[in-house]
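The values are calculated or read from the model by the stated rules, or taken from the named source; none is laboratory data. Computed from a prediction, not measured in an experiment: that's the story for all the values here. With ideal geometry, Cβ positions are generated from the backbone for all residues, glycine too; neighbour counts draw on all protein chains shown. With ligands, DNA and RNA removed, areas are computed over all heavy atoms of the protein, side chains included. Shrake-Rupley method; radii C 1.70, N 1.55, O 1.52, S 1.80 Å.
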Amino acid sequence: MTKTGRTWAWLTVAIVVAGIAIQLPLSAGNEEGFFSTEAERVANVFAYFTIQSNLLLGGTALLLALAPNRPRGQVFRTLRLNGVLCIAVTGIVYHLVLAGLDDLSGWSAVTNFLLHTAAPVAGVLGWLLFGPRGQTDWRIVGWSIVYPLLWLAFTLVRGAFVGFYPYPFVDVGEHGYARVLLNCLLVAVLFLALAAGATTLDRRLHRKTTVER
């Protein structure tokens with residue numbers, strides 16, 4: 001990874017850290033929400049796909065910034081792809097489906113921008129421009145599907161017990177399981193399309209880089 005790529009990785013980390021750091025006290029102080037205590041409200045922040053995808057992106061970007069040329073194993077390669085794909089899904093779904101539901105101002109608008117816009121742009125552009133290349137194949141894609149499935153299972157099981165769903169399109173109480181599963185299927189198609197595109201593009205860019213060397 002080049003010096004510019006490393007700088008970009010640090011920028012991505014900074015965006016993620018700032019977004020979550022601002023969000024946590026805002027959520028803790030929001031007494032109009034579903035949960036009654038500050039501890040519950042803070043813990044609930046980490047149930048959101050947005051936050052988890054930001055953490056995946058920020059965590060793998062941090063490892064790249066600290067050791068950009070270190071050989072990477074299957075676990076890191078899977079988490080890196082997860083971070084890029086999930087943050088892309090976060091940005092796309094938010095701006096196409098959820099943005100119209102918000103009326104935010106002040107620090108809420110700032111953290112919303114960082115987590116739903118700045119982080120997706122930084123994450124996807126960072127992967128496109130700086131890689132690292134040759135890290136993605138169809139086996140990695142297969143493993144990358146595990147995390148979104150686990151998140152969905154956790155969300156539906158938790159929601160059945162506590163009555164809270166983080167997003168309207170997974171609210172079983174409002175839409176029922178059939179509609180929610182259909183909504184999630186559409187998101188899954190988007191995820192798999194992005195995964196296929198990323199894998200194909202990564203192979204081409206990797207071959208091009210190898211030839212140029």
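Could you please give the count of residues in region 158-187 that are open to solvent by 40 Å² or more (accessible area, probe 1.4 Å), under 20 Å from Ser53 (Cα atoms) and either touching a strand residue (DSSP E or B) at 6+ places or on another chain (Cβ under 6 Å) or free of Cβ contacts under 8 Å to residues at least 12 places away in the same chain (or both)?
Total meeting the criteria: 2.
May I ask you to say which residue of Leu56, Leu62, Leu66 is among the hydrophobic types (A, V, I, L, M, F, W, C) and buried (at least 20 other Cβ atoms within 10 Å of the Cβ)?
Step by step, each of Leu56, Leu62, Leu66 is checked, and only Leu56 is among the hydrophobic types (A, V, I, L, M, F, W, C) and buried (at least 20 other Cβ atoms within 10 Å of the Cβ).
Could you list all residues from region 137-152 that are open to solvent by 50 Å² or more (accessible area, probe 1.4 Å) and part of a helix (DSSP H, G or I)?
Across region 137-152, the qualifying residues are Trp138, Arg139, Trp143, Val146, Leu149, Leu150.
Can you find, within region 188-204, the residue that is surrounded by the fewest Cβ atoms within 10 Å (Cβ to Cβ) among those that are farther than 19 Å from Leu57 by Cα and charged (D, E, K, R)?
Arg204
Return only the number of the condition from (1) crowded, with 19+ Cβ neighbours inside 10 Å; (2) closer than 25 Å to Leu24 by Cα; (3) of a type in the set (Gly, Ala, Ser) that Ser108 does not satisfy.
(1)
I'm trying to understand the selection: among the residues of region 122-136, which are open to solvent by 70 Å² or more (accessible area, probe 1.4 Å) and part of a loop (DSSP other than H, G, I, E, B)?
None - no residue of region 122-136 is open to solvent by 70 Å² or more (accessible area, probe 1.4 Å) and part of a loop (DSSP other than H, G, I, E, B), so the list stays empty.
Among the numbered criteria (1) surrounded by fewer than 15 Cβ atoms within 10 Å (Cβ to Cβ); (2) in contact (Cβ under 8 Å) with a residue 40 or more places away in the chain, which one does Leu114 miss?
Evaluating Leu114 over (1) surrounded by fewer than 15 Cβ atoms within 10 Å (Cβ to Cβ); (2) in contact (Cβ under 8 Å) with a residue 40 or more places away in the chain leaves (1) as the failure.
Being over 16 Å from Trp151 (Cα atoms) and aromatic (Phe, Trp, Tyr) is the filter here; which residues of region 28-70 pass it?
Phe34, Phe35
Please work out which one of (1) hydroxyl-bearing (Ser, Thr, Tyr); (2) assigned to a helix (DSSP H, G or I); (3) over 15 Å from Leu194 (Cβ atoms) is the condition Thr90 fails and give its number.
(3)
Return the only residue of Arg41, Arg80, Arg72 being farther than 25 Å from Lys3 by Cβ, of a type in the set (Lys, Arg) and either within 21 Å of the chain's Cα centre (by Cα) or modelled with pLDDT of 95 or more (or both).
Selected residue: Arg41, the only one of Arg41, Arg80, Arg72 that is farther than 25 Å from Lys3 by Cβ, of a type in the set (Lys, Arg) and either within 21 Å of the chain's Cα centre (by Cα) or modelled with pLDDT of 95 or more (or both).
Could you list, ordered by first residue, the pairs with Cβ atoms under 9 Å in which the first is in region 12-41 and open to solvent by less than 40 Å² (accessible area, probe 1.4 Å) and the second is in a helix (DSSP H, G or I) and modelled with pLDDT under 90, at least 6 apart or interchain?
none
Within region 154-195, which residues are of a type in the set (Gly, Ala, Ser) and under 17 Å from the mean Cα position of the chain (by Cα)?
Correct list: Ala188, Ala193, Ala195.
Quick test of your reading of the structure: Arg80 fulfils all but one of (1) open to solvent by 10 Å² or more (accessible area, probe 1.4 Å); (2) assigned to a loop (DSSP other than H, G, I, E, B). Name the failing condition by number.
(2)
Being hydroxyl-bearing (Ser, Thr, Tyr) and either in contact with a Pro (Cβ under 6 Å, 6 or more places away or on another chain) or part of a helix (DSSP H, G or I) (or both) is the filter here; which residues of region 93-121 pass it?
Those that are hydroxyl-bearing (Ser, Thr, Tyr) and either in contact with a Pro (Cβ under 6 Å, 6 or more places away or on another chain) or part of a helix (DSSP H, G or I) (or both): Tyr94, Ser108, Thr111, Thr117.
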